[in-house]
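Worksheet: one structure, shown below.
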Amino acid sequence: MPSIAENIAAIRERIAAAARRAGRNPDAVTLIAVSKTKPVAAIQAAAAAGIQDIGENRVQEALTKLPHSPPDLRWHLIGHLQSNKAKLAAEHFYLIHTVDSLALAQRLNRLAQERGRPQAVLLQVRLGDEATKSGLSPTDLPSAYAAARGLPHIRIQGLMTIPPFCPDPTDARPYFRQLRLLRDALLTDFPGDQLPELSMGMSHDFEVAIEEGATYIRVGTAIFGER
Ligand SMILES: *Cc1c(COP(=O)(O)O)cnc(C)c1O
């Protein structure tokens, strides 16, 4: 079996090739290693191979690993955030990708104010009509953004999505494109706002996501193996 370092090296080559195809700079794509269910040793191996960004989908699980992990990693929350975990998440995560309601944005804003340090977030958008998934609908996004962008203690850096699973990754392309166009529409409504980040693409479809403008890709299985 290839090592974690070998997997990361192979993914970096695929990132560079996908970026080149799209005329993008590979450095504009940040690889987040998604370590959910994997032990601290796996995080250490990834960090030794140059990974600086770690993704976890549960606050509690991240908190058990964080004290034993290299200190200079950036932790990304990529799973649904319950409001009763918001305080812990705000204390420990560099970027919360999963703000899926105005109420959660307001709560994070309050917590950031109390703490005296702004919180970076992404708004999660639900694409493909999957009622079971969390995220703002494309219809609700503009009004939620219009309200949340005025909150002084959160920094909305862009959008995140988890598209419906497509066995053929090229079938996910319309969803990735839609997320980029939704971002562009917000910038048209609010010229001068900055929404540089698009968090989209996982192990089986990150190349397509990069071709459509992903700046954060969230990769677990292709780095750490099956969960
Ligand atoms: C688990 C997870 C990933 C990583 O998925 P892989 O298919 O293992 O790369 C990415 N994003 C989110 C939101 C996840 O929960």
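The values are calculated or read from the model by the stated rules, or taken from the named source; none is laboratory data. Owing to the predicted nature of the structure, the values given are computational and were not obtained by experimental measurement. Note that we place each Cβ from the backbone using ideal geometry, even for glycine, and neighbour counts take in every protein chain shown. The accessibility values were calculated without ligands, DNA or RNA, using every heavy atom of the protein model including side chains. Shrake-Rupley method; radii C 1.70, N 1.55, O 1.52, S 1.80 Å.
General remarks:
- Residue that is more than 16 Å from the ligand (Cβ to nearest atom) and modelled with pLDDT of 95 or more, where the choices are 189, 205: 189
- Only one entry of 56, 61, 114 meets the criterion of being in contact (Cβ under 8 Å) with a residue 12 or more places away in the chain and open to solvent by 10 Å² or more (accessible area, probe 1.4 Å), and that entry is 61.
- Subset of the stretch 54-79 that is closer than 13 Å to residue 92 by Cβ, aliphatic (A, V, I, L, M) and not in a helix (DSSP H, G or I) - its residue that is farthest from the ligand (Cβ to nearest atom): 73
- Residue check, residue 198 within 16 Å of the ligand (Cβ to nearest atom) and of a type in the set (A, V, I, L, M, F, W, C): yes
- In the stretch 211-227, residue farthest from the ligand (Cβ to nearest atom) [restricted to those that are closer than 15 Å to residue 6 by Cβ, open to solvent by 20 Å² or more (accessible area, probe 1.4 Å) and not in a loop (DSSP other than H, G, I, E, B)]: 224
- Check on residue 169, under 25 Å from residue 10 (Cβ atoms) and in contact with an Asp or Glu (Cβ under 6 Å, 6 or more places away or on another chain): yes
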